[in-house]
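The values are calculated or read from the model by the stated rules, or taken from the named source; none is laboratory data. In this text, all values refer to a predicted model and were calculated from it rather than measured experimentally. Because the Cβ atoms are built from the backbone with ideal geometry, glycine has one as well, and the counts that use them run over all protein chains shown.
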Amino acid sequence: MEKRVLLAVFLSFLVLFVYQSLIVPPTQLPDGETVSTETGSTVPIESQEPIIDTPPSTEPPQMTDASSAVGVSTVIADDAPRDIVVETDQVIATFSNRGGVLKSLRLKEYLEESGEPSELVPVLDDQEAPLPFTLEVADEQLNAQLREALFRPSAASLQVGTAPRSLVFEYEDSDGLQVRKEYRFDPLNEPFVVRFSASVRTSRGVINPAVRWGPGLSSGTAGGFGFTYSQPSQAIFYLEEEVSRLDSSDLEETPVYEGTFGFVGVDNHYFLSAALPDTNPAEVSYQPVTLGSGDDQRVLIDYSVQFSEPPNETRFFMGPKDFDILGIIDSELVQAVHFGFFSWLVVPLHRSLKWVYSYVGNYGWSIIILTIMINAAMFPLRHKSVVSMRKMQELQPEIKSIQERYKGLKATDPGKQQMNKELMGLYRDRGVNPAGGCLPMLATMPVLFAFYSLLSVAIEIRDAPFVFWIQDLAKPDPMYVTPLLMGVTMMAQQRMTPSTADATQQKVMMVMPVVFTFMFLGAPSGLVLYWLTSNLWGVGQQVVTNRIIGPPKVHTVRPPAERRTKKAKLKKKGSREHRGD
């Protein structure tokens, strides 16, 4: 039975290995296929000029390119292109007065491999694409004017502390075009959220614009080969109490969705950009954008949202997929974290891990402590499993003797039924449950898969150091020390565990630790740390259990001929005694 359990464990990990290696990698559009984008510009952060904290110019505004093209003068506008930096404890946001759009959003607490803050607005090199919070209407000429207009900002820069603050962009020309954008920040109560309001009025009346994000959220690194992967940018929305996650191939078939969304936007492995329309019905349009070619090719998702009414303090979340932060913003937003099939178990494990971390302050030690707590809770199950396997091991000579007597019979032969009856009678007489060694071990499997989901997805593990050479628990061990130790401890535990398999089968099963070691070379070091700690606990528990139950009892089974001779003697003796009576 334990052979079947180990085989089931091996096949389970093999499925995970194949799934991560072959199925999950980013979907790429066919070669040569491109998606057109609107005219815009993206400037790398390094090339941005320093911001001078001076009030907006009071000189008469000059005509912009967009207005001079149609012979219209500006009434309210800025006199030159510039950037406005908004800084909170969590983010550094850079806005451009050209179009009043978001140019850069860097997260202070989440760093890239270079050590710089993570950037949520991709730098697209020389490619032109709309920037976040671009307004679009049905009139393409007006769209060009909205993109190129130099909006007058309400401040040259903005430092947001505990009190909410707003940044307002305004533009007006002599032809009756009036545009206003307002970004409101309240990082104390709504971290990583901006409340966005926009109004567009022309001489013909008020227009309800769509809010376009543009290509967003390029994928980041999240693990190594085989076991983990980096989730590409994908569309995500919460509609009718169900989360939909769509890759580029899905969006080619159905790019437009509408309804009353709980949230709608794009996400990648660790970050999310989404609008929260609340009760305002909306229509979202997605389109894949292919960047680069060959091995460097990546696919980002461009999306725009058209609300039933112009956005008025509509919330936009742009930040990490941290379970607790998402819960503060909106209870439905936590659905953006994809814990998979075992989410019912992952969520309490996640909360337990963060609870331990609040005392320890190191996620590596937190994983070890939580693993010990879980294994301690499972001690009775594992003890029962080992005791049951020991009893089965002691019965093997008698079991093989019964099987030997019915050797060669077909499965349909009535003799097989008799053999099963004898085996069940043996189990009953000795108080052994043949499944007792398997079920307790299988009960631990959901915990393993839940830990796998947790450590592969939770952003708290990203960039979390442990000790010495392990400086990121979300990435593989760079020196492969923990996977090798894990393989050694797994082999030791397997040697110590009672087995009912024959010598040949036991040798074959000893290959499994080698296979597991190879598979875990690319696993997150946090997951390997969990498995290594479990193995060490298992070895220690095996030693304790062996001392409690003592050495195995040896049962000698007489050969069939000897048993028949003894039975005949007993029968003959009984006959003589009967005649004597």
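Is it true that T489 is at negative phi, at pLDDT 80 or above and not aromatic (F, W, Y)?
Values: at negative phi: yes; at pLDDT 80 or above: yes; not aromatic (F, W, Y): yes.
For T489, the condition - at negative phi, at pLDDT 80 or above and not aromatic (F, W, Y) - is met.
Considering every residue within the range 557-567, establish whether at least one is among the hydrophobic types (A, V, I, L, M, F, W, C), over 32 Å from the mean Cα position of the chain (by Cα) and modelled with pLDDT of 60 or more. Give the steps one after another, and end with the answer.
Taking the range 557-567 and keeping what is among the hydrophobic types (A, V, I, L, M, F, W, C), we get 557, 561.
Those left that are additionally over 32 Å from the mean Cα position of the chain (by Cα): 557, 561.
Going one step further and asking which of them are modelled with pLDDT of 60 or more, we end up with none.
No, there is no match, as no residue in the range 557-567 is among the hydrophobic types (A, V, I, L, M, F, W, C), over 32 Å from the mean Cα position of the chain (by Cα) and modelled with pLDDT of 60 or more.
Rundown of residues vs (1) in contact with a Gly (Cβ under 8 Å, 6 or more places away or on another chain); (2) among the aliphatic types (A, V, I, L, M); (3) in a strand (DSSP E or B); (4) crowded, with 17+ Cβ neighbours inside 10 Å, yes/no style:
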position	(1), (2), (3), (4)
S273	yes, no, yes, yes
V299	no, yes, yes, yes
Y303	yes, no, yes, yes
I328	no, yes, no, no
Y357	no, no, no, yes
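Residue-wise test of (1) under 24 Å from the mean Cα position of the chain (by Cα); (2) in contact (Cβ under 8 Å) with a residue 24 or more places away in the chain; (3) surrounded by 16 or more Cβ atoms within 10 Å (Cβ to Cβ).
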residue: F263; (1), (2), (3): yes, yes, yes
residue: H269; (1), (2), (3): yes, yes, yes
residue: E283; (1), (2), (3): no, yes, yes
residue: T290; (1), (2), (3): yes, yes, yes
residue: S308; (1), (2), (3): no, yes, no
residue: P311; (1), (2), (3): no, yes, yes
residue: T314; (1), (2), (3): no, yes, yes
residue: Q335; (1), (2), (3): yes, yes, yes
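Do we have G319 as part of a helix (DSSP H, G or I) and not charged (D, E, K, R) here?
Numbers: part of a helix (DSSP H, G or I): no; not charged (D, E, K, R): yes.
For G319, the condition - part of a helix (DSSP H, G or I) and not charged (D, E, K, R) - is not met.
Take the conditions modelled with pLDDT under 90, of a type in the set (V, I, T) and either under 26 Å from W469 (Cα atoms) or within 14 Å of the chain's Cα centre (by Cα) (or both) and apply them to V356. Does it pass?
Working: modelled with pLDDT under 90: no; of a type in the set (V, I, T): yes; either under 26 Å from W469 (Cα atoms) or within 14 Å of the chain's Cα centre (by Cα) (or both): yes.
Considered against the rule, which asks whether it is modelled with pLDDT under 90, of a type in the set (V, I, T) and either under 26 Å from W469 (Cα atoms) or within 14 Å of the chain's Cα centre (by Cα) (or both), V356 comes out as no.
Out of A149, A138, report the one residue that is crowded, with 20+ Cβ neighbours inside 10 Å, small (G, A, S) and either more than 28 Å from R184 (Cβ to Cβ) or at pLDDT 90 or above (or both).
Numbers: A138 fails: crowded, with 20+ Cβ neighbours inside 10 Å.
Result: A149 is the single residue among A149, A138 that is crowded, with 20+ Cβ neighbours inside 10 Å, small (G, A, S) and either more than 28 Å from R184 (Cβ to Cβ) or at pLDDT 90 or above (or both).
Please pick out the residue among V305, V299 that is in contact with a strand residue (DSSP E or B) (Cβ under 8 Å, 6 or more places away or on another chain) and either of a type in the set (S, T, N, Q) or within 28 Å of E109 (Cα to Cα) (or both).
Residue meeting the stated conditions: V299.
Yes/no matrix, rows are residues, columns are (1) β-branched (V, I, T); (2) out of contact with any Pro (no Cβ under 8 Å at 6 or more places or on another chain):
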residue: V137; (1), (2): yes, no
residue: Q145; (1), (2): no, yes
residue: L150; (1), (2): no, no
residue: S154; (1), (2): no, no
residue: L167; (1), (2): no, no
residue: P187; (1), (2): no, yes
residue: T202; (1), (2): yes, yes
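Mind checking which residues of the range 427-451 are surrounded by 17 or more Cβ atoms within 10 Å (Cβ to Cβ) and modelled with pLDDT of 80 or more?
Scanning the range 427-451 gives V447, F449, A450, F451.
Can you tell me which of A163, A155 is surrounded by fewer than 20 Cβ atoms within 10 Å (Cβ to Cβ) and closer than 20 Å to G99 by Cβ?
Details: A163 fails: closer than 20 Å to G99 by Cβ.
None of the others qualify; the one that does is A155.
Across the range 122-135, what is the total count of residues that are at negative phi and at pLDDT below 90? Let's see the steps before the verdict.
Taking the range 122-135 first, the residues at negative phi are 122-124, 126-132, 134-135.
Narrowing the set further to residues that are at pLDDT below 90 leaves 122-124, 126-130.
The total comes to 8.
So which residues in the range 74-89 are more than 15 Å from L167 (Cα to Cα) and surrounded by fewer than 19 Cβ atoms within 10 Å (Cβ to Cβ)?
V75, I76, D79, A80, P81, D89
Can you pull out every residue in the range 245-258 that is surrounded by 15 or more Cβ atoms within 10 Å (Cβ to Cβ) and part of a strand (DSSP E or B)?
Within the range 245-258, L246, Y257 qualify.
When the residues of the range 180-212 are filtered to those that are touching a residue at least 60 places away in the same chain (Cβ under 8 Å), farther than 24 Å from V256 by Cα and over 39 Å from the mean Cα position of the chain (by Cα), which remaining residue is surrounded by the most Cβ atoms within 10 Å (Cβ to Cβ)?
So the residue we want is T202.
Would you point out which residue out of A464, A377 is within 21 Å of N546 (Cα to Cα) and at pLDDT 80 or above? Step through it out loud before you land on a result.
On the way: A464 fails: within 21 Å of N546 (Cα to Cα).
It is A377.
So P122 ticks every box in (1) buried (at least 19 other Cβ atoms within 10 Å of the Cβ); (2) over 33 Å from the mean Cα position of the chain (by Cα) but one. Which box is left unticked?
Failing condition for P122: (2).
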